[in-house]
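Below is one structure; the comments refer to it alone.
Values quoted throughout were computed directly from the atomic coordinates according to the rules given, and no laboratory measurement underlies them. Predicted, not measured: the structure shown is a model, and the values here were computed from it. Note that we place each Cβ from the backbone using ideal geometry, even for glycine, and neighbour counts take in every protein chain shown.
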Amino acid sequence: MSILLTLSVRSLQKLMSPRPRPGGGGGSGAGLSVHDVPAFAIKELQLHGLNVPASLLAGWSMSDLDRLRDRADKASCPCLVLIEDHPLPFGSKDERQRVEAKDRVKRLGTAAHRLGCNAIAVQCGSADSPEAFALAAEDLRSAMSSLDRFQLNLLLAPHEGLTHHPDRLADLIKKIGGFRIGALADFGHAHATHDLVGALRKLAPYSGSIHATVRGFTKTGAHKEFDLAAAVNTVQEVGFVNTLAIDYTGNGDPVATIVKARAILQQALEVEPE
């Protein structure tokens, strides 16, 4: 098996219509609609799958979701992971908030199933404490039961607080247990820990997908802040073989930047790890 390069759809938000129109091919103004993204990703960017932020689908009906899945299937660029944009209060002392978080996972699961995804991704918004850790593990284990009938995986993305430290996130995944729980690691978070290689070594083995965070490039062609190739080499070395989604977070031309990043990542992937 090999690592497949895919796209985090939020990378293209600068190009997208301000208000994509559910049920239609375009938005309220000029720009790329969500329904156009699969064909754009495969034809213009040569990326073979999508990680989709849930916020882009707000207000959509089931038929709107089905239409996106059909467009993705037709383009051979499937929806892979549905990502909740905002942290959920798993581990909170407020039981009502915890119930609402589990209900949100259930609704995300329904939408992800209609899109043809194999996973949903969430963040834990709680501060780090032994109590929050225990409650979060209990809540997430319970929430996963609502995904069983769809055979969906649940991925935990790192977030400030309970899951910021790679060891803590890995421990939470192990505490929850089961083969449908994993991580959504990302290069940006790994860099923010001040130990990019160490963080990726800890989280890549648990990751169902990884976001290849792209900040942009300097005038000399170097990637800003960290070495993309070094990050890819690290996840290869630990045996990661799932999807690597380019996640552009800069303010420049997303297309040119993504194409350049893809070339760097592809070249790194073609070098066998030692």
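Among the listed pairs Lys93/Lys175; Lys14/Lys175; Lys106/Lys175, those whose Cα-Cα separation exceeds 29 Å are Lys14/Lys175.
Diagonalising the gyration tensor over the Cα atoms of the chain and scaling each eigenvalue by 5 before taking the square root yields semi-axes of 27, 25, 16 Å, largest first. Choose one of Ile258, Phe150, Leu162: the residue whose Cα lies farthest towards the positive end of the charge dipole of the chain (beta-carbon charges +1 Lys, Arg; -1 Asp, Glu; about the Cα centre). Among Ile258, Phe150, Leu162, the one farthest towards the positive end of the dipole of the chain is Phe150.
Taking Cα centre as origin and charging only the Cβ of basic (Lys, Arg, +1) and acidic (Asp, Glu, -1) residues, the dipole magnitude of segment 207-274 rounds to 340 debye. Taking the Cα centre of the chain as reference, the dipole from Cβ charges on Lys and Arg (+1) and Asp and Glu (-1) amounts to some 700 debye.
For segment 204-274, trypsin sites (Lys or Arg not before Pro) are listed when DSSP marks them as loop and at most 15 other Cβ atoms sit within 10 Å of their Cβ; the list is Lys219, Lys224.
Cα-based values for segment 145-232, radius of gyration first and Dmax second, are 14.6, 50 Å.
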